[in-house]
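J.: Handing you a structure now.
The values are calculated or read from the model by the stated rules, or taken from the named source; none is laboratory data. Since we're looking at a predicted model, the values are computed, not measured. All Cβ positions, glycine included, derive from the backbone under ideal geometry; neighbour counts span all protein chains shown.
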Ligand code: SF4
């Protein structure tokens with residue numbers, strides 16, 4: 001979501017990104033508030049640019065994103081060289097804001113209104129020839145999970161119209177995109193004027209020039225049978241699903257206000273795998289929420305053992321201001337939470353590698369994205385299951401094409417392959 005917003009920021013200014021901050025006329029730090037560490041990082045990132053502002057007083061420095069939304073006025077008070085803060089919903093107003101500052105209004109600006117009519121107005125910048133892109137179909141979230149700051153900083157759920165989604169998709173396809181990832185906080189709860197998410201997938205399937213469709217992040221409770229059928233029946237929909245579970249324990253899920261039981265989650269996984277045996281699954285897990293007991297954590301470990309996710313994004317619970325989790329009476333000891341996190345991550349690393357080793361010497365359809373950054377003689381691509389693969393002995397003319405590749409070496413997060 002932040003990557004997408006950064007691209008919208010660039011496009012809204014018709015700007016050309018420079019490589020070095022010292023070459024920039026405007027520096028905007030786009031921020032994430034999902035965890036305490038990320039929000040500290042954001043503030044220190046802005047601090048780094050103080051010297052540049054002293055050298056060049058015309059330099060405009062701003063902070064965008066969820067940290068800007070959360071602490072708006074406080075940031076302006078705390079950081080004297082910060083010219084403006086702008087929340088995610090106000091990006092369409094960024095251009096006017098910059099002109100206002102440039103014209104010497106002298107005001108430092110705080111643009112953090114949630115009450116913006118055309119939240120989707122600005123499309124993202126798309127680098128010429130880039131094979132993949134993002135399309136936002138939803139802003140905000142109505143779910144109110146006890147640990148989560150998203151509803152506070154991004155507001156209630158607003159769904160984008162089908163017309164606009166298709167228009168932005170065509171725009172990106174015309175600029176060279178072959179694979180689009182449709183994004184929203186609970187993307188599969190999208191609905192608009194009688195259309196539901198499963199219908200949306202049918203419409204996207206019809207887009208000429210689009211080869212692959214991905215979407216993220218899905219909410220478990222909104223995985224319906226119609227959605228599963230639509231994923232299976234639409235050939236462009238990739239065999240990949242990110243389905244955050246957060247905990248394997250019903251007691252913790254209830255405290256988290258996740259609105260599903262672990263039995264529901266497991267049943268959804270079974271339905272998905274029955275329909276698409278080659279589906280790759282990833283999830284998010286928060287360790288140490290509330291008074292998570294050893295038994296609760298064991299249930300989470302049992303879940304990853306049983307499901308064998310390809311990837312688990314796991315974090316130690318981080319208290320966020322203004323969330324119900326902040327006022328919970330019991331929090332477990334930090335060291336215990338950290339120990340659990342390490343145990344979970346260590347076992348998951350083994351599972352990810354075991355899963356990948358099973359795919360060796362098999363051929364997969366790979367969309368070639370670009371030359372590898374580390375080794376320009378190799379190309380980089382992804383399978384439908386979103387597995388990263390570095391390919392030897394393949395001509396650059398295949399960038400943007402889907403090619404049959406045999407996996408010849410497996411690592412925890414990637415493969416080496418060669419043309420089949
Ligand atoms: S569904 Fe996701 S974005 Fe929405 S409140 Fe829960 S964790 Fe946050």
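J.: From the residues in region 220-233 that are touching a helix residue (DSSP H, G or I) at 6+ places or on another chain (Cβ under 6 Å) and crowded, with 17+ Cβ neighbours inside 10 Å, which one is farthest from residue 268 (Cα to Cα)?
T.: 230
J.: Which count do you get for residues in region 243-275 that are buried (at least 20 other Cβ atoms within 10 Å of the Cβ), in a loop (DSSP other than H, G, I, E, B) and touching a helix residue (DSSP H, G or I) at 6+ places or on another chain (Cβ under 7 Å)?
T.: 5
J.: Restricted to region 276-292, and to residues that are part of a loop (DSSP other than H, G, I, E, B) and touching a residue at least 24 places away in the same chain (Cβ under 8 Å), which residue is surrounded by the fewest Cβ atoms within 10 Å (Cβ to Cβ)?
T.: Among those that are part of a loop (DSSP other than H, G, I, E, B) and touching a residue at least 24 places away in the same chain (Cβ under 8 Å), it is 278.
J.: Hey, can you tell me all the residues within region 142-155 that are on the phi < 0 side of the Ramachandran plot, at pLDDT below 95 and in contact with a strand residue (DSSP E or B) (Cβ under 9 Å, 6 or more places away or on another chain)?
T.: 153, 154, listed by residue number.
J.: Does at least one position in region 150-165 carry a residue that is assigned to a strand (DSSP E or B), more than 30 Å from residue 287 (Cβ to Cβ) and away from the ligand (no atom under 15 Å from the Cβ)?
T.: The answer is no, given that none of the residues of region 150-165 is assigned to a strand (DSSP E or B), more than 30 Å from residue 287 (Cβ to Cβ) and away from the ligand (no atom under 15 Å from the Cβ).
J.: Here's another thing I want to ask about it. Looking only at region 393-412, count every residue that is surrounded by 15 or more Cβ atoms within 10 Å (Cβ to Cβ), without any contact (Cβ under 8 Å) to a residue 40 or more places away in the chain and not in a helix (DSSP H, G or I) and tell me the total.
T.: Final tally of qualifying residues: 2.
J.: Consider residue 95 carefully, then state whether it is within 16 Å of the ligand (Cβ to nearest atom) and within 25 Å of residue 24 (Cα to Cα).
T.: The answer is no for residue 95.
J.: Being over 18 Å from residue 384 (Cα atoms), in the same structural domain as residue 263 (by TED's automatic domain parsing), touching a helix residue (DSSP H, G or I) at 6+ places or on another chain (Cβ under 6 Å) and at pLDDT 95 or above is the requirement here; does residue 296 meet it?
T.: Taking the combined requirement at face value, the residue satisfies it.
J.: What residue, among those in region 94-128 that are touching a residue at least 60 places away in the same chain (Cβ under 8 Å) and in the same structural domain as residue 12 (by TED's automatic domain parsing), is nearest to the chain's Cα centre (by Cα)?
T.: 94
J.: Here's a follow-up. On the basis of being farther than 22 Å from residue 145 by Cα and in contact (Cβ under 8 Å) with a residue 60 or more places away in the chain, does residue 306 make the cut?
T.: The answer is no for residue 306.
J.: Considering only residues that are away from the ligand (no atom under 16 Å from the Cβ) and touching a helix residue (DSSP H, G or I) at 6+ places or on another chain (Cβ under 6 Å), which ones fall in region 184-201?
T.: 192, 195, 198, 201
J.: Moving on to the next point. Tell me yes or no: at least one residue of region 59-67 is surrounded by fewer than 18 Cβ atoms within 10 Å (Cβ to Cβ) and either within 23 Å of residue 284 (Cα to Cα) or in the same structural domain as residue 183 (by TED's automatic domain parsing) (or both).
T.: Checked against the condition, which is being surrounded by fewer than 18 Cβ atoms within 10 Å (Cβ to Cβ) and either within 23 Å of residue 284 (Cα to Cα) or in the same structural domain as residue 183 (by TED's automatic domain parsing) (or both), region 59-67 yields no hits at all.
J.: Of the residues 135, 119, which is within 26 Å of residue 244 (Cβ to Cβ), buried (at least 17 other Cβ atoms within 10 Å of the Cβ), modelled with pLDDT of 90 or more and in contact with a strand residue (DSSP E or B) (Cβ under 8 Å, 6 or more places away or on another chain)?
T.: 135
J.: Given the criteria within 22 Å of residue 170 (Cα to Cα), crowded, with 16+ Cβ neighbours inside 10 Å and in the same structural domain as residue 136 (by TED's automatic domain parsing), does residue 202 qualify?
T.: no
J.: If you don't mind, there's one more thing I want to ask. Among 210, 200, which is the only one that is part of a loop (DSSP other than H, G, I, E, B) and either touching a strand residue (DSSP E or B) at 6+ places or on another chain (Cβ under 8 Å) or in contact (Cβ under 8 Å) with a residue 12 or more places away in the chain (or both)?
T.: Answer to the check: 210.
J.: Please verify whether region 169-183 includes one or more residues that are outside the structural domain of residue 240 (by TED's automatic domain parsing), crowded, with 21+ Cβ neighbours inside 10 Å, more than 16 Å from the ligand (Cβ to nearest atom) and in contact (Cβ under 8 Å) with a residue 40 or more places away in the chain.
T.: No: region 169-183 contains no residue that is outside the structural domain of residue 240 (by TED's automatic domain parsing), crowded, with 21+ Cβ neighbours inside 10 Å, more than 16 Å from the ligand (Cβ to nearest atom) and in contact (Cβ under 8 Å) with a residue 40 or more places away in the chain.
J.: From the list 374, 386, exactly one residue is modelled with pLDDT under 95 and either closer than 19 Å to residue 281 by Cα or loosely packed, with under 15 Cβ neighbours inside 10 Å (or both). Which is it?
T.: 374
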